[in-house]
1. How large is Rg/Rh for the stretch 310-457, to two decimals, with Cα atoms and a Kirkwood Rh?
2. Would you mind calculating the relative contact order of the chain from Cα pairs under 8 angstrom and at least 6 residues apart, reporting the percent as a whole number?
3. With no solvent and one equal point scatterer per Cα, compute the Debye intensity ratio I(q)/I(0) for the chain at 0.05, 0.11 Å⁻¹ and report its log10, rounded to two decimals.
4. At 222 nm, what helix-only mean residue ellipticity would the chain give, in deg cm²/dmol to the nearest 500, using -39500 (n - 2.57) for each DSSP H run of four or more?
5. Can you tell me the orientation of helix 512-529 relative to the chain, as the angle in degrees between its alpha-carbon axis and the longest Cα principal axis, to the nearest 10?
6. Given Cα pairs under 8 Å that are at least 6 residues apart, what percent is the relative contact order of the stretch 130-208?
7. Working out 0.36 nm times the residue gap between residue 24 and residue 209, then minus their Cα-Cα distance, what length gain in nm do you get to one decimal?
8. Using the beta-carbon distance between residue 145 and residue 4 and R0 = 45 Å, what value does 1/(1 + (r/R0)^6) give for FRET efficiency, to the nearest 0.05?
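Any read-out appearing in this document is the output of simple, stated calculations on the displayed coordinates, not a laboratory observation. Just so it is clear, the model here is predicted, and its values are computed rather than measured. All Cβ positions, even for glycine, are placed from backbone atoms using ideal geometry, and neighbour counts span all protein chains on display.
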């Protein structure tokens, strides 16, 4: 039970503030996370890691010389928002590009991916290496679907050491990918963890049993077993990991035993002794092992074993010095401190001076976003209930949080003394949506709104062709970031019919209001048809049978939104005496 807090809602931020205060020789606070407080050589690749809070020492505890340059820190067990990742990475960037690395979770992939797009657009070479070490989460021939757990450490350490050596982005990326390919982990849980302020743990493991392969947030595992002895547990973990070892693995291996929160060091050491004997008996040489708390889950009762298979290159980098709050190896010379506040201020974007046309369209955008909020509020409960059938039931409240923030940001931006372009207004609205909504829908809607604003730009005049370009940019942002296709039972199943119908109507000479009405009808019809589909993406996928017969909540909310937008724009055009 997590007991030390004032307001549970502020737990993650206040814990991070205290962490920085206690480790100021290593890290400085920025909006969204932490970066090194010490200087790095110009041109060095910045390895930026991150994820939800509640996993210390991951992720902020691994920021320092020889390891990460920065960490984006989300709320409890929640991905950091794209804007947070962007600000941390921009501040950490040192002229050599940014390598983003994090566990393979849908929310993280979307939000970090959105930040990567933005950084690359600004000319900062930014790439991603996902950590996929958990053998319980997908079979060996589907490593790209595996989630990241304690194997984060090996990938982060190799990337950080490669950057410290002065290797270029291509080499740092290559070595991080290699480290991930040669890392395997398997975890067990004896009971769940409790979020600050929650009356009960997130999950329970039945008394006398052990859950094998359970994820660090309680994600489903492989099976449940009677509680084993230490020797039996070591045999289970080692045998399953050796059966999944990478090709051409060699005989030199780093074993990492990781405690998840309440399994204490004496127990971990006892288990490590059993594991070390089994590895030696298998003809393996143990190299520079780790045993302790490395990726936790608050007060979760559980542990994991990671095996990291070395080659000469990886062994050199694994043994290289590192100096961070939570992970130290070898010795490093003291580094000069830097003024992080000045660097962080450079992430602020100056507001462009709008053209008259862009300012006028910006005001229409503000009222359009307000109309979107109205329809989301009206259907919030309905969308939540629909999402609860095969998901976690938060789609309605997530959309509400996102669009509330988007309206506030749009109005604030538009109130600038010189006004604001539609580009600036939608950029602010999209970033706010992403940061406040969280989750998959927050990342997708935030990215898409920003993309639509960029397509509209700050022009001297606008035509219906610009509206079509904005719709195309919105759609592309969704499909490129979310990777969903028609038939996957997602928002895309309503989005693409909308895009096609809108583009066709505009090409046929229809005004924007009429094109929206036609396209919205296509979206609503397509959303209803998703009831026949089985979900192939997202949280509903494991509960596919429950989802059949019910439309996808993301597709439904999209259909409702564009239908309301069509009516809203019709009313505005009629009010102006224009032909809708």
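1. Numbers: Rg = 22.1 Å, Rh = 18.4 Å.
Here the Rg-to-Rh quotient is 1.20.
2. Values: 1288 pairs, mean separation 68.9, N = 580.
RCO, the chain: 12 percent.
3. Scattering profile of the chain, log10 relative to I(0): -0.22, -1.03.
4. Details: 18 runs with 275 residues, N = 580.
Rounded to the nearest 500, the figure is -15500 deg cm²/dmol.
5. The answer is roughly 50 degrees.
6. On the way: 95 pairs, mean separation 21.2, N = 79.
Computed value for the stretch 130-208: 27 percent relative contact order.
7. Details: separation 185, 0.36 × 185 = 66.60 nm, distance 4.24 nm.
Here the segment from residue 24 to residue 209 would lengthen by 62.4 nm.
8. 0.75
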